[in-house]
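Note sheet for the following structure.
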């Protein structure tokens, strides 16, 4: 569902950053005494979707958004067995039509009504929209417009108040019949990464007491790693992990679940889940071995394959403990309703 979820942010950003940015650009570059910004505010308040479409090439902008967000999403969650760019391209082409179609629907809904009501029960898409607080996005500033003939460029600085992060959109406008129209918007992947960072922070706060309880029961004490050749063609490599866990529970456990984390550049974190059968395991220090296939099409894995593994970039976390009686101690992996 996450492959579909991200499309919701597009309409709101279009209606705020792109729509307002278009009129700001028009006002600055044309030097008109009449303030187009005032006009666009009146247009949005009147929910005049026809006028909005005259100012924004929605099809072109949604193409930009689909390329940036879906590419970022696929890159962060690509399957471990995806060893070809053809697979990547197929994933993108399969998702793109649904992405653009749904984004178009949400855009029209937002322009017409100015809001989306979050009436429970919420499906995954609606929950993401609520969690991401896209409706709180606002324009903080904008760059001076650079005009080159019938084309103009501007940077719009945006702030998501609900999730407390900034991002930028790079706008391209073209002058058609004396009217400036937004024909491109770049920077949607910055919203993607900004939201992910903000979400991690919120989840860390929620999970802090749960993580402490998990650590009291099963705490990682040591971690060793080595890299070996992977598939028979030498295309992939395998990260072999050995770590110790101190088990301190009188209550029999059935399974522990966690993640292998590899820190990458620009706040990217590669996450690989693992699950270990704990039936018959006794209290005390236990040693576990896990193999992780390094995927050359995942950024963090590719960095390890090219440059080796920095010990400071590798982490093991236990996020869930399942007990033999059916009870579970588990961290939040999504914001609660």
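What follows is calculated from the coordinates using simple rules that are stated; it is not laboratory data. Bear in mind the structure is a predicted one, so any value in this text is a computation, not a measurement. Backbone-built Cβ (ideal geometry, glycine too); neighbour counts: all protein chains shown.
Before moving on, here are some points about what is shown:
- Put simply, when 322-333, 190-201 are sorted by average Cβ atoms within 10 angstrom per residue, most first, you get 190-201, 322-333.
- In units of the compact-protein estimate 2.2 N^0.38 Å, the stretch 209-330 shows a Cα radius of gyration of 1.14.
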